[in-house]
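Notes to accompany the following structure.
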Amino acid sequence: KDTSVLLVHGGGWAQGDRTQLRGFGILLGRLGYTSVATEYRLSGESPWPAQVHDVKACLRWMKAHAADLAIDPSKVVIEGNSAGAHLSLITAGTPNLPAFEGEGGNPGVDTSVAATIAVYPPTHFENLLSDPIRALFKGNDTEATRSAASPLTHARSGHPPALLIHGNRDEVVPPDHSTRMYAALDKAGVPVELHMYAGQPHGFDESPRLERQVADIMASFVERYVD
């Protein structure tokens, strides 16, 4: 396959590294997809929007080195979990938006993606006052900043196809983050799927059995909308 997947880890924007999604990288690799796992500056290093700048820099790197990676630059899918899912949706929803195009390598390479996959994603920041969010926006925690950083704000016609996966007992990122994103994308005419897992909390895909099932759902979605 010449389709690739850029994996973006979670950790409340404050911790974690690219090894977190190693399992998905292996499972998708077995199905023929080239997987690239990225890191980004954490909120303790740099506040928003440094995180999405770094993810977009990796996306540009993948496209600039498509020949070396044996991938099609028009068939890059971005996937993330939790905070990484937020970054995946923001990247997908803001191709070439100046506010989110930070300094990075390979300038001039576009940051559009063929599709996006978000596992228990934060999609809006209304009334969310948790420490990770305060740390993310420190120094610039305004209503305008929160709105621009919310994937829900960018749910419009032309958004790439999206797959949303959530557990309906998630107390970290309430399931309405995915259901509202689904409704907004569907209303805009965007191909969007929502898989809601009954009785499952945040991080439910850490179970090997569910991880394999989620990877199969991802592959099925990519086959239908990108391959």
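Of note:
- Helical segments meeting 27 Å axial Cα length and Kyte-Doolittle 1.6 threshold in the chain (DSSP H): none
- The mean accessible area for residues of the stretch 1-64, using a 1.4 Å probe and ignoring ligands and nucleic acids, is 39 Å² per residue.
- Among the protein heavy atoms of the chain, carbon and sulfur supply 50% of the accessible surface, probe 1.4 Å, non-protein parts ignored.
- Probe 1.4 Å - accessible area at TYR120, Å² to nearest ten: 10 Å²
- Of [x] 19.5, 66; [y] 15.9, 45; [z] 16.8, 50, the label for Rg and Dmax of the Cα atoms in Å derived from the coordinates: [y]
- Net charge dipole size for the chain [Lys, Arg +1 and Asp, Glu -1 on Cβ; Debye, nearest 20]: 160 debye
- For the stretch 22-94, size of Cβ-based charge dipole, Lys and Arg +1, Asp and Glu -1, in debye: 100 debye
- Heavy-atom accessible area with a 1.4 Å probe sorts LYS138, LYS187, LYS75, largest first, into LYS187, LYS138, LYS75.
- The mean accessible area for residues of the stretch 93-227, using a 1.4 Å probe and ignoring ligands and nucleic acids, is 48 Å² per residue.
- Between ARG180, ARG30, ARG146, the Gaussian network model of the chain with springs among Cα atoms under 10 angstrom shows the greatest mean-square fluctuation at ARG30.
- Gap separating the Cα centres of the stretch 128-199 and the stretch 21-57, nearest whole Å: 18 Å
- Between ARG224 and ARG156, the modelled labels are 2.7 nm apart [label points 7 Å from Cα along Cα→Cβ].
- Set of lysines near LYS56 by C-alpha distance (under 22 Å), chain-local residues within fewer than 8 positions excluded: LYS75, LYS138
- Solvent-accessible surface ranking, highest first, for ILE117, ILE217 at 1.4 angstrom: ILE217, ILE117
The values are calculated or read from the model by the stated rules, or taken from the named source; none is laboratory data. Keep in mind that what you see is a predicted model, and the values were worked out from it rather than measured. Every residue, glycine among them, receives a Cβ derived from its backbone with ideal geometry; neighbour counts consider all protein chains shown. The area values use the complete protein model at the heavy-atom level, side chains included, leaving out ligands, DNA and RNA. Shrake-Rupley method; radii C 1.70, N 1.55, O 1.52, S 1.80 Å.
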